[in-house]
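The values are calculated or read from the model by the stated rules, or taken from the named source; none is laboratory data. These numbers were taken from a predicted model, which means no experiment stands behind them. Every residue, glycine among them, receives a Cβ derived from its backbone with ideal geometry; neighbour counts consider all protein chains shown.
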Amino acid sequence: MTTVLDKPVPSLAAAGKPIDPNRTRATPYVFIAPAMSGIGLFVLLPALLSFIGSFFAIPLATGANWKWVGFDNYTSVFSDPTAHRAIENTLLYCVITIIPSLVLGLLLALLAESLRHGRTLVRTALFLPMTANLVAMAVVFKWIFALQGGFANQALAWIGVAPINWLNDTRYSLISVALVGVWRGVSLTMLLFLAGLTTIPGAIHEAAAAEGIRGWAKLRTLILPMMKPTIVFATVLSILTSIQAFDQINVMTQGGPQESSETILTFTWKVGFSYFQLGKPSALSFVLIAVLICIGLVRRRAFSAEQR
Amino acid sequence: MTTSPIPARLIKWLLVLIAVGVSLFPFYWMLRTALAPQSQQLADGLGFWPAHLDFGNFARAWNKANRGQALLNGLIITGAILLLQLITCVPAAYVFAKIRFKGSGILFGVVLACLLIPTQATMVPTFIGINLFGLGDTRIGLVLPFYSSAFGIFLLRQQMLSIPDALLDAAKTDGLGPWRTLLRVVVPMSMPSIAAFAIFSVFTHWNDYLWPLLVARSPDLATPPLRLAVFQQADIGFDYSALAAGAAIVTAPILILFLFAQRRFVQGMAGGEIAG
Amino acid sequence: MSTRRSLLGTAALAAVTALTLAACGSGSGSSAGGNGPALTGTVAKAADLSSCKPDGVTLKLNFGPQAAPAVKLAVTQMQQRYPGLKFDATASATASYNDLTKQVVSDAAVGKPDDLINAGLSQLTFWVDSYHPAEIDQSKLPAGYQKQFLAAGTANGKVYIAPFQISAPVLLVNQTALKSAGIDPSTPITSYAELIKAAQTLTAKTGKPSINISTDGLPDWFSQGFVQAAGGTFVNAGGSAGFGDATGVQALSIWSTLAKDKVLLNVGGTDAMAQFMAGNLPFMAYTTSIVATIQKGVGSKFQWMPVDLPTLNGTDAGPLPAGGNGWLVLSQDPCKAAYANAMISLMLSKDISLAASGTGYSYIPVNSDAATELLAGSTATPQLKYAWSYDKPLSVWGGFKGSATKQIFDTLTTTTQQLSTGADPQTTVASAVSQVNKLVGK
């Protein structure tokens, strides 16, 4: 970094203004073209095609003809109890993974930040779940959650609790896969919060100490407001991760038993690549997006009302 | 900060220990299962420690599942994606952060919107499209859909916003063109976020399961997570120990990478915020 | 602020474009008839082998690990017979017939279609309905092939698959555990009542569930087995669900009865097998093909035997469905189809049958010469003898409308899982019947 600063910095005459684009009018477009083409081709276009495809019956085969079916796919989604379950489970999964991930992530970040000894070691240990291969870890969690001989039930036995059929009981299967989601999610949110905490200037802490603001009051009045951008970012990332949960579900429960852990992505996968119907999953995706937009709008309204 | 009273510190450390324990336990369990003899399996009431160490499980995991080939595939695919993403995203992020041009608002809006489109909505058409161009079951088909990244543009732009404009003006006064400004001023100053994004990209694509599961049909194209399935079959006598050893082999490279790069990663992620 | 406005603008633009395109699409798309899982192209009529040259021809095979040893041997022999012929033959990681079907369809979708596939017998109607394969030429079957198995590869009165590996549902019994609970293992357990009583005695002794009938691997197979063995009909002649009558409900109630008695171990098949091999689970319903694996896993830890699957009233009122698989030619190239046919004949011969149904996977040998040799051999333990010499009548597995194969499988998975939690058999089975009938359009 210092190498570029070797030359004296000229006057600040032009400071605050973006670089004059006149000289190279085409340059910005050349710079963004590769990236935008990738996004356009592999995110925007597929999403668009998916939306269009939701009005067709599409066989999986290459070059096969699409057949216009109007709103049939949507009707089929709305009348399919499994699709309902998938939507419910996805939303439930989001709630039981996102909230704990954010709360625990923040707590652990504050805790790790406040340590005076062994901070690096603790941080590293807490970051590791994020690096793990979720398929590999799901296999391990499957053993941990085994009904007989699994570690989770052995641990429960020590405290005198009857064994739980984590993976094959409809009441627990979603919780089990969500626990894995939280295990990993906390690690990511904690990292984001730690990174966010480091951006708070030391002067703020000093000022707070001088004013005698500590503990909960300091967190609520100082830290949290300053971390708002980080919190928003962590929330968005958590939501994205949770809606797209697939790996551990596919390995641990395959959506079962009795569809109790079927989510939109596992259901999409099943309908598309086991039932070989590609129109219906597209419709389902857009029902999900519509639900998300609704939640987003409600949240936004609640948020702005609060600010006013 | 004033010294906390002893019980508070004790509670704090207790909480830390529990958190670290929960975080590390699955890794330990994986290693334990990988090193335990095959006879000490799920049903036999396992102890916390392996009965004795058996490294033969690793040999089986490596040989039976052709793990070397899978790791190589993982390396090639992850590396290619990373390289392409850096080439495409760094200039784009720079432009979105520092140059105002016609349509920049709308185009960045597109990037943000793409950030929020879930895989479900894009997976099927991308798969059909890749096949239409004959790229199914090829390395190109595994890499191509990820050559750009909305998340990358977004993350890198956030940090580039903080580069002083004066510096860029200075570069211009010195006669540096936009390309050289990018390479000589912007890139060095954005190193923390570039590193963070690079690590994030490597994590994501090394561990990716869904897309290779669809596209990589031939066994010699299989990526490390796909290879894990080999030991999951009941019919071949479910070799739990080899499965765990395989899991450890898949996990290790990323874990080691992370241990080396974690400081940069944390610094870089600090830029990742959505203003407002 | 401006970002948010432009975001809305973009979304609106996207929506308009989508609607426009969708409108255009309707015009061009409606004429197309592409519906269901059909693959492109049709199976080629096999050419005369004498007109084909093996040089530069590569046969692409799709099969699970259960067929791997036999394929390896067959490839070597084919290459000796047709020098220059090449093979793309790596066993896939999954042994599940649903997953193998999924793979073959996906292979075709990515433009790498398979020439010769190992199809599960449960998938027969799927392939026949969607791909129109050729009937097999029974005159090409090798010496010793047991033609009674052809029934399991027959759909609409035509034989499409000559079964390659055949298995039947069985009950695995830990005799040592029975003895220590005071049950004489030599007393046959043939009816539900006897099975339930024994399971209750065992659970009372150990405090642990004592039987597993897996609901995640082969729920359709066991369901069909229970219903048919009770004298019921699983698939009606017209293709609708036939298991909704009193016999069907009683036959399928085995899961809920065991669950209500708290003797059913409700875990996946893999976990159950581990428990059985460790001696923690005295009864397990599984397949004869797994007997060899169990034998390896159990070793000399305890005495055990595979026995006939208990039936509703203790009598065999109907055949069990045949498990297993067979080869199907999907090649679009006449010469490749001809080589594939030659390979099928080879794989049904004595040598390869020995590799397909030996001590690795204890399928019932489809070649009688192989069966004779195996039974006379030194590896023939009582357990393996039971598996290799299973000779009760076997029916077709499944048989519903092909395009709904996986949906019906999933419906039955859910049904058996509901029963496994003690759900009322009457309403659960009725609901399954109506769901299946909806799927097959009856």
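Scanning the stretch B:192-214 for residues that are hydroxyl-bearing (Ser, Thr, Tyr) and touching a residue at least 40 places away in the same chain (Cβ under 8 Å), we see that the one that is nearest to the other protein chains (Cβ to nearest Cβ) is B:Ser193. Can you find a residue that is under 25 Å from B:Thr181 (Cβ atoms), more than 7 Å from chain A (Cβ to nearest Cβ) and at pLDDT 85 or above anywhere in the stretch B:116-135? No: the stretch B:116-135 contains no residue that is under 25 Å from B:Thr181 (Cβ atoms), more than 7 Å from chain A (Cβ to nearest Cβ) and at pLDDT 85 or above. Looking at the structure I just gave you, is A:Leu92 under 23 Å from the mean Cα position of the chain (by Cα), within 22 Å of A:Lys270 (Cβ to Cβ) and modelled with pLDDT under 90? For A:Leu92, the condition - under 23 Å from the mean Cα position of the chain (by Cα), within 22 Å of A:Lys270 (Cβ to Cβ) and modelled with pLDDT under 90 - is not met. Remark: C:Gln383 falls outside the filter, which requires a residue to be without any contact (Cβ under 8 Å) to a residue 60 or more places away in the chain and among the polar types (S, T, N, Q). Out of the stretch A:211-270, which residues are on the phi > 0 side of the Ramachandran plot and of a type outside the set (S, T, N, Q)? Hits for the stretch A:211-270 are A:Gly212, A:Gly215, A:Gly255, A:Glu259. The set of residues from the stretch A:128-154 being within 7 Å of another protein chain (Cβ to nearest Cβ) and not in a helix (DSSP H, G or I) comprises A:Ala132, A:Asn133, A:Ala146, A:Leu147, A:Gln148, A:Gly149. From the list C:Gly111, C:Gly153, pick out the single residue that is among the small types (Gly, Ala, Ser) and within 15 Å of the chain's Cα centre (by Cα). On inspection, the qualifying residue turns out to be C:Gly153.
Scan the stretch B:62-111 for residues that are over 30 Å from B:Pro212 (Cβ atoms) and β-branched (Val, Ile, Thr) and report the count. Count: 3.
Within the stretch A:270-282, residues that are within 8 Å of chain C (Cβ to nearest Cβ) and in a loop (DSSP other than H, G, I, E, B) have Cβ atoms under 7 Å from residues that are among the aromatic types (Phe, Trp, Tyr) and surrounded by fewer than 23 Cβ atoms within 10 Å (Cβ to Cβ) in no pair, counting only partners at least 6 apart in sequence or on another chain. Kindly provide the set of residues from the stretch A:206-238 that are closer than 23 Å to B:Ser193 by Cα and either at the interface with chain B (Cβ under 10 Å from one of its Cβ atoms) or not aliphatic (A, V, I, L, M) (or both), ordered by number. If the condition is that a residue be closer than 23 Å to B:Ser193 by Cα and either at the interface with chain B (Cβ under 10 Å from one of its Cβ atoms) or not aliphatic (A, V, I, L, M) (or both), then A:Met227, A:Lys228, A:Pro229, A:Thr230, A:Ile231, A:Val232, A:Phe233, A:Ala234, A:Thr235, A:Val236, A:Leu237, A:Ser238 are the ones that fit.
Could you please let me know if C:Lys147 is without any contact (Cβ under 8 Å) to a residue 60 or more places away in the chain, surrounded by fewer than 18 Cβ atoms within 10 Å (Cβ to Cβ) and out of contact with any Phe, Trp or Tyr (no Cβ under 9 Å at 6 or more places or on another chain)? Taking the combined requirement at face value, the residue satisfies it.
Matching residues to (1) in a strand (DSSP E or B); (2) in contact (Cβ under 8 Å) with a residue 40 or more places away in the chain; (3) within 18 Å of the chain's Cα centre (by Cα):
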site: C:Ala74; (1), (2), (3): no, yes, no
site: C:Ala95; (1), (2), (3): no, no, yes
site: C:Asn98; (1), (2), (3): no, yes, yes
site: C:Ala119; (1), (2), (3): yes, yes, yes
site: C:Glu135; (1), (2), (3): no, no, no
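Residue count for the stretch B:162-189, restricted to those that are within 7 Å of chain A (Cβ to nearest Cβ), surrounded by fewer than 16 Cβ atoms within 10 Å (Cβ to Cβ) and assigned to a helix (DSSP H, G or I): 4. Just one of the listed residues (B:Val185, B:Val215, B:Val250) is farther than 27 Å from C:Gly64 by Cα, in contact with a Leu (Cβ under 7 Å, 6 or more places away or on another chain) and in the same structural domain as B:Thr88 (by TED's automatic domain parsing), and it is B:Val185. Restricting the stretch B:145-191 to residues that are among the aromatic types (Phe, Trp, Tyr) and touching a residue at least 24 places away in the same chain (Cβ under 8 Å), the residue that is farthest from B:Pro125 (Cα to Cα) is B:Phe154. Of all residues in the stretch A:194-205, those being facing chain B (nearest Cβ under 10 Å) and in a helix (DSSP H, G or I) number 6.
On the given criteria, is C:Thr293 outside any loop (DSSP other than H, G, I, E, B) and either outside the structural domain of C:Ser96 (by TED's automatic domain parsing) or without any contact (Cβ under 8 Å) to a residue 60 or more places away in the chain (or both)? Against the criterion (outside any loop (DSSP other than H, G, I, E, B) and either outside the structural domain of C:Ser96 (by TED's automatic domain parsing) or without any contact (Cβ under 8 Å) to a residue 60 or more places away in the chain (or both)), C:Thr293 qualifies.
Of all residues in the stretch A:57-70, those that are outside any loop (DSSP other than H, G, I, E, B) have Cβ atoms under 8 Å from Cβ atoms of residues that are modelled with pLDDT of 75 or more and among the charged types (D, E, K, R), 6 or more apart or on another chain, in A:Ala57/A:Lys67; A:Ala57/A:Asp72.
When the residues of the stretch A:182-221 are filtered to those that are among the polar types (S, T, N, Q) and out of contact with any Gly (no Cβ under 7 Å at 6 or more places or on another chain), the one that is modelled with the lowest pLDDT is A:Thr199. For the stretch C:208-229, enumerate the residues that are surrounded by fewer than 24 Cβ atoms within 10 Å (Cβ to Cβ) and small (Gly, Ala, Ser). Selection gives C:Gly217 alone. For the residues B:Ile106, B:Ile153, the requirement of being facing another protein chain (nearest Cβ under 7 Å), surrounded by fewer than 19 Cβ atoms within 10 Å (Cβ to Cβ) and either within 30 Å of A:Thr230 (Cβ to Cβ) or in contact with a Leu (Cβ under 7 Å, 6 or more places away or on another chain) (or both) singles out B:Ile106. Does B:Ala113 satisfy the criteria of being among the hydrophobic types (A, V, I, L, M, F, W, C) and at the interface with chain A (Cβ under 7 Å from one of its Cβ atoms)? So B:Ala113 fails the test.
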